[in-house]
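S.K.: One structure coming up, written as structure tokens, with questions to follow.
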Ligand SMILES: Cc1cc2nc3c(=O)[nH]c(=O)nc-3n(C[C@H](O)[C@H](O)[C@H](O)COP(=O)(O)O)c2cc1C
């Protein structure tokens, strides 16, 4: 569903240590530094998250916290889009909006619409994990298009 000319690479956040200011003061752990460099090098970011207790999972917040400290925090001015999915009907809307709040504070430039809130996700993917719901595919494609346009515009 990616627009022509756009490539995407997936950055896993598993295995990050818990945030610790004393550790950070001595230098970013290698796994965190790789994440920070990947964000800095990207033309845009796409967050894809489930919802945990009406917010984002703690591991995602922890990863964002690690790279959010000045100087050179890499979310500053970065084009960002957010997608979420859940088994329930609301499609991780609270996680989506909590993440928006965090990223707004960090001065990321967020694509406001369309929102990609995949509710009842279990019925929208086949057994191999392919997205088979046509309307959801349209929302995803539209948001990716908007993110790419936004990134190109900001790059000048
Ligand atoms: C601790 C925890 C809290 C959850 N809270 C929510 C929630 O607030 N809203 C929701 O729609 N689903 C909630 N779920 C279900 C997740 O949406 C579901 O686990 C997720 O879609 C699957 O992703 P995962 O395998 O990475 O956990 C929760 C799941 C866990 C484990």
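Just so you know, all these numbers are worked out from the coordinates, no wet-lab data involved. Predicted, not measured: the structure shown is a model, and the values here were computed from it. Counting neighbours? That spans all protein chains shown, and the Cβs are built from the backbone with ideal geometry, glycine included.
S.K.: Among 35, 125, 139, which one shows the highest mean-square fluctuation when the chain is modelled as a Gaussian network with alpha-carbon springs under 10 Å?
M.R.: 125
S.K.: Still on this model: Gap in Å between the Cα centre of region 87-156 and the Cα centre of region 1-60?
M.R.: 16
S.K.: Can you pull a Stokes-Einstein diffusion coefficient for region 99-156 at 4 °C (1.567 mPa s), Rh from Kirkwood over Cα pairs, as a whole number of µm²/s?
M.R.: The Stokes-Einstein estimate is 98 µm²/s.
S.K.: Between residue 41 and residue 145, what is the label-point separation in nm under the 7 Å Cα-to-beta-carbon projection?
M.R.: 3.0
S.K.: Could you work out which residue, out of 79, 70, 17, moves most in a Gaussian network model of the chain, that is, has the largest mean-square fluctuation with Cα springs under 10 Å?
M.R.: 70
S.K.: Over all Cα pairs of region 72-122, how is the pair count split among 10 Å bins, expressed in % and running from 0 up to the last occupied bin?
M.R.: Each 10 Å bin holds this share of Cα pairs: 28, 46, 21, 5.
S.K.: As an exercise, take the mean of 1/r over every pair of distinct alpha carbons in region 32-156, invert it, and state the Kirkwood radius in angstroms.
M.R.: 15.1
S.K.: Let me ask you something else. Using Cα springs under 10 Å in a Gaussian network model of the chain, which residue among 41, 95, 25 shows the largest mean-square fluctuation?
M.R.: 25
S.K.: Here's another thing I want to ask about it. Quick one: what does P(r) look like for region 7-57 with 5 Å bins over all Cα pairs, in whole %?
M.R.: Computed distribution, short to long bins: 4, 15, 23, 21, 20, 14, 4, 0.
S.K.: Would you kindly state how much longer the chain becomes between residue 54 and residue 11 on full extension, computed as 0.36 nm times their sequence separation minus their alpha carbon distance, in nm to one decimal? Kindly include the intermediate steps, with their values, before the conclusion.
M.R.: Numbers: separation 43, 0.36 × 43 = 15.48 nm, distance 2.36 nm.
Gain on extension, residue 54 to residue 11, equals 13.1 nm.
S.K.: Find the Rg to Rh ratio for region 1-102, where Rh is the Kirkwood radius over alpha-carbon pairs and Rg uses the same atoms.
M.R.: So for region 1-102, dividing Rg by the Kirkwood Rh gives 0.98.
S.K.: Now, a different point. Working out 0.36 nm times the residue gap between residue 34 and residue 104, then minus their Cα-Cα distance, what length gain in nm do you get to one decimal? Mind showing how you got there, number by number?
M.R.: Working: separation 70, 0.36 × 70 = 25.20 nm, distance 2.28 nm.
Contour length minus Cα-Cα distance gives 22.9 nm.
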